[in-house]
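Notes to accompany the following structure.
The values are calculated or read from the model by the stated rules, or taken from the named source; none is laboratory data. Quantities reported herein were computed from a predicted structural model and do not represent experimental measurements. Heads up, the Cβs are rebuilt from the backbone with ideal geometry, glycines too, and the neighbour counts pull from every protein chain shown. These accessible areas exclude ligands, DNA and RNA; they are computed on the full protein's heavy atoms, side chains included. Shrake-Rupley method; radii C 1.70, N 1.55, O 1.52, S 1.80 Å.
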Amino acid sequence: MSKESERVTRTGRIDPRIATAGWSVMPSAGVDISRSTDPAALTEFRTSDGTADYALCHLGQVRAVVEAKKLTVGPHGVLAQAERYSRGIRQIPMYQKRFGVPFLYSTNGEQVWFHDIRHELNRSRQVAGFHTPGALEELLARDVEAESASLTAAPQNAVLRQYQLEANVAVEQAIRERKRKMLVTMATGTGKTLTMVNQAYRLMKAGVARRVLFLVDRRVLAAQAVRAFSSFEAEPGLKFDKIYPVYSQRFQQADLDEGGTWSPNVMPNSLLTNPKLGDAFVYISTIQRMTTNLFGAEHALRQDDETADVDAEKLNVPIHAFDLIIADECHRGYSAKEMSAWRATLDHFDAIKVGLTATPAAHTMAYFENLVFRYEYDRAVHEGHLVDYDVVRVRSNVRMNGVFLRQGEQVDQVDTESGTRQLDYLEDERAFDAPEVERKITAPDANRKILQELSRYAQQHEREHGRFPKTLIFAANDLPHTSHADQLVGMAREIFGRGESFVAKVTGRVDQPLQRIREFRNRPNPGIVVTVDLLTTGVDIPDLEYLVLLRPMKSRILFEQVLGRGTRKGDRYPDKSHFTVFDCFDGTLIAYFQGTTGITVDPPEGDGKTIAEIIEDIWQNKDRDYNVRRLVKRLNRISKKMTGGAYDLFARFIEDGDLSAFAGRLPSLLRRSFSHTMKILRDEEFQRLLREFPRGQRTFIVAPGVVDYVSSEWMIKGGTGQKYKPADYLRAFESFLRGKVDEIQALTILLSRPQEWGAEPLTELRQALTGAPEHFTEANLQRAFQVTHHKALVDIISMVKRAVLEGSPLLTAEERVDATVARVMARTTLTDEQRRWMDYIRQHLIQNLSIESDDFDAIPVLSDRGGWRRANRVFGGRLAELLADLNKELVAA
């Protein structure tokens, strides 16, 4: 434990931090604050209720009091002491009728807590440092109550959808409740950015926020956000950027859409380093650039598919530079380093923080604290803003059970450094588990047969819809010389036979990946793209219809982001009613994530601390037992990758260079001989060796002789998200109908009172079926009947009757109507004009399976020919009898 005294903490830690914020630290003795206008931090300031450690004074007033404690004391619990000093300073105005000073701080030199006590609902909060004099003057100048009233009175923008307005209302209510952190989750494709653009404008117009930071994790997303802000009509006839400046960083051509050119309004550094009352703007920045501005380039994150911002530099950015931060895709933080960078950047600013994501993670919820609004995928589908998905379960023995190689079998050994192959005959049998497929071994026959299954479904889709389905395949990896993505691209070009450009790879290893993504989105070719994880977020491909999962996944965030690529409604294809997911792991991916919660608890990938930091924590006795266990795991991980040469190098420090044995003995070694063991662990050369030890070359086998068995079947998605095999779905359908015969009047009419059939019973029947837990929609039922009975487009009447009456024929709507019309026409002789009208009626019946007199004046195919009056005259005033006969015969067939 540190023995640093409070005096040392104050002079060595607290004084410099106060001075950095623009306050001159000086003794209070002899200073008349009423005559002093320069900002000063007066030490040992006497009040009527004790002596404050610091009084921050400006323009003749005490603006804040600071309670200082030594390093080992937690500062949050001592804010009450600062409150006492505030009550002991008599100034006008008084806040809450008892506090003379509006702002309080407590600190131990490392942590700083702040409390604005002007309103009883304001809560204390940790801040990254002290506010500047200008920041406190700005806080004093603001009228939060008036701003809130202005926000309440502001009319909503009619462009937004209802759920987007609900999100804005929820955020604004949280702000009125003095909340500083909040989370908004909206399904991918539901307009999160538009919602937040409107939110930013409303808050800026009301004065609640003036300087807004919109934070993203890629420059291409920053460019998209700039367009969203600039094109948004905030007021009738006025775009957002004509009312408030929209600043950004510089962009590269690769960040822009095809043919896209514009000169961005580059953010002046002075707005970051010297924020002023009256400034009002939006700044759209990447997390990488902002991290560089705050902490230096060495702390910035790197994206594989983006070059660094060479013009970014470290700046002195005060904590009040922004008063609203919107963190887009705030679930980011797949690694401990990413999570740390996001958190450190957000924590630097004393601002209202709104997190925005489609896939909330546990660490995201923990940081933003208040989940104020949620718009989930199922609701978006129900309300018609997104499309649902079907599932095809693809079973591959290799994918599910792995690969077994027999003695004498011929394989190719791949040199993973050069890519050269060497033919080898196995001298003993070898077994590879399923997780090792595409990592240590590949069976080309498995990939080929899966793609052949995909081709079969794509051909059927093309026959039914007249277009090839835009297809995105997620491969296991894109490693040099053993790339699963490359193998799939080559095979798909051969199997689909539509030329080289029809199938493309888009990963971080291709030239201009963002340009390739735009080509996939905007052009007919490529029709198939193979990726690994580059197209999981921030990519809008509305016409995507097939998603193929050949990559194992354990992260719900990643899984939902992948599904989000297909959920948008079609752009060029407005008839896109759904997309299809091919789960190439026998449906286990869908089943696994179906059973998980909405907020994922995925641990971040990677290591939060270096080995050197863990060793130092052991030396300093910081949670020693835990860190020893942590170090043992790290050492064992290293030992599994070592070559024989690495053993020779480690032998300088440990017995026989056996790191695994050393790790196993480490806890007892530390207990028996702590100093000697720590001398080894802390040795710089030993630690360098732990980082740079000779590693064994990765091995990879191609097994061309392995024959896979691949099959597939459609899965039907029920209303609760449960997936059914088609036969099981039809059994559930049959069971539901048999249990409801006496409850659903439309069912009774269809089965035993056909003379009462019409539009109303048909509507009631459809509602009863779709409202069932299994969600018996016509599309789902038709898919199940097609797979099970090999009959496409079966009509709803046939499906219901077959489920209840065994042996009832399965007809399409056209077959049913043609048979009905033929029977009715056979009973009478029709004129040519009557025959023409019967053809119009036939067209309507095929689409609607019932007909009413009102339809003649409402449906174009009938109303355009003269409607009811004309048709009734043609049929000699007996049209009503004809319609009743047609409706009866429809269900009798």
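Taking each residue of segment 373-387 that is in a helix (DSSP H, G or I) and looking for partners that are among the aliphatic types (A, V, I, L, M) with beta-carbon atoms closer than 7 Å, six or more apart or interchain, yields TYR377/ALA187; TYR377/LEU386; ALA380/ALA187; ALA380/LEU386; VAL381/VAL387. Among the residues making up segment 140-165, those that are within 21 Å of ARG374 (Cβ to Cβ) and surrounded by 15 or more Cβ atoms within 10 Å (Cβ to Cβ) are LEU160, ARG161, TYR163, GLN164, LEU165. Taken together, the residues in segment 608-626 that are closer than 21 Å to ARG691 by Cβ, acidic (Asp, Glu) and open to solvent by 70 Å² or more (accessible area, probe 1.4 Å) amount to 1. Report yes if ARG516 is closer than 17 Å to LEU221 by Cα and out of contact with any Asp or Glu (no Cβ under 9 Å at 6 or more places or on another chain), otherwise no. Yes, satisfied. In segment 80-107, the residue that is nearest to SER124 (Cα to Cα) out of those that are open to solvent by 10 Å² or more (accessible area, probe 1.4 Å) and among the aliphatic types (A, V, I, L, M) is ALA80.
The criterion of at least 1 residues that are open to solvent by less than 20 Å² (accessible area, probe 1.4 Å) and farther than 24 Å from MET715 by Cβ is met by the following helices (runs of 4 or more DSSP H) wholly inside segment 764-877: 796-804, 813-826, 832-848, 860-863, 867-874.
ALA492 - would you say it is free of Cβ contacts under 8 Å to residues at least 40 places away in the same chain, touching a helix residue (DSSP H, G or I) at 6+ places or on another chain (Cβ under 9 Å) and not charged (D, E, K, R)?
no
The residue list ARG629, ARG652, ARG665, ARG637 contains one member that is over 18 Å from ARG695 (Cβ atoms), open to solvent by 60 Å² or more (accessible area, probe 1.4 Å), within 41 Å of the chain's Cα centre (by Cα) and without any contact (Cβ under 8 Å) to a residue 60 or more places away in the chain, which is ARG629.
Taking first residues from segment 570-585 that are over 15 Å from ILE541 (Cβ atoms) and partners that are among the basic types (Lys, Arg) and crowded, with 21+ Cβ neighbours inside 10 Å, the Cβ contacts under 8 Å between residues at least 6 apart in sequence or on separate chains come to ASP583/ARG393; CYS584/ARG399; PHE585/ARG399.
Only residues that are outside any helix (DSSP H, G or I), open to solvent by 50 Å² or more (accessible area, probe 1.4 Å) and more than 30 Å from SER483 (Cα to Cα) were counted across segment 668-698, and they come to 1. Of all residues in segment 714-729 being more than 16 Å from THR770 (Cβ to Cβ) and assigned to a helix (DSSP H, G or I), which is least open to solvent (accessible area, probe 1.4 Å)? Filtering segment 714-729 for residues that are more than 16 Å from THR770 (Cβ to Cβ) and assigned to a helix (DSSP H, G or I), the one least open to solvent (accessible area, probe 1.4 Å) comes out as PRO726. Is there a residue in segment 745-760 that is closer than 19 Å to HIS578 by Cβ and either among the β-branched types (Val, Ile, Thr) or open to solvent by 60 Å² or more (accessible area, probe 1.4 Å) (or both)? No: zero hits. Within segment 473-480, does at least one residue satisfy the condition of being more than 24 Å from the chain's Cα centre (by Cα) and open to solvent by 10 Å² or more (accessible area, probe 1.4 Å)? Yes, the conditions are met somewhere in segment 473-480. Restricting LEU346, LEU294 to those that are out of contact with any helix residue (DSSP H, G or I) (no Cβ under 6 Å at 6 or more places or on another chain), in a helix (DSSP H, G or I), crowded, with 18+ Cβ neighbours inside 10 Å and modelled with pLDDT of 90 or more reduces the list to LEU346.
Just for segment 395-423: of the residues that are assigned to a loop (DSSP other than H, G, I, E, B) and either free of Cβ contacts under 8 Å to residues at least 24 places away in the same chain or of a type in the set (D, E, K, R) (or both), which one is surrounded by the most Cβ atoms within 10 Å (Cβ to Cβ)? Steps first, answer last, please.
We begin by selecting, within segment 395-423, every residue assigned to a loop (DSSP other than H, G, I, E, B); these are 402, 406-409, 416-420.
Still in the list and also either free of Cβ contacts under 8 Å to residues at least 24 places away in the same chain or of a type in the set (D, E, K, R) (or both): 406-409, 417, 420.
On the way: ARG406: 10, GLN407: 10, GLY408: 10, GLU409: 16, GLU417: 10, THR420: 11.
In this case the residue turns out to be GLU409.
Condition check for HIS481 on (1) on the phi < 0 side of the Ramachandran plot; (2) in contact (Cβ under 8 Å) with a residue 24 or more places away in the chain; (3) not acidic (Asp, Glu): one failure, at (1).
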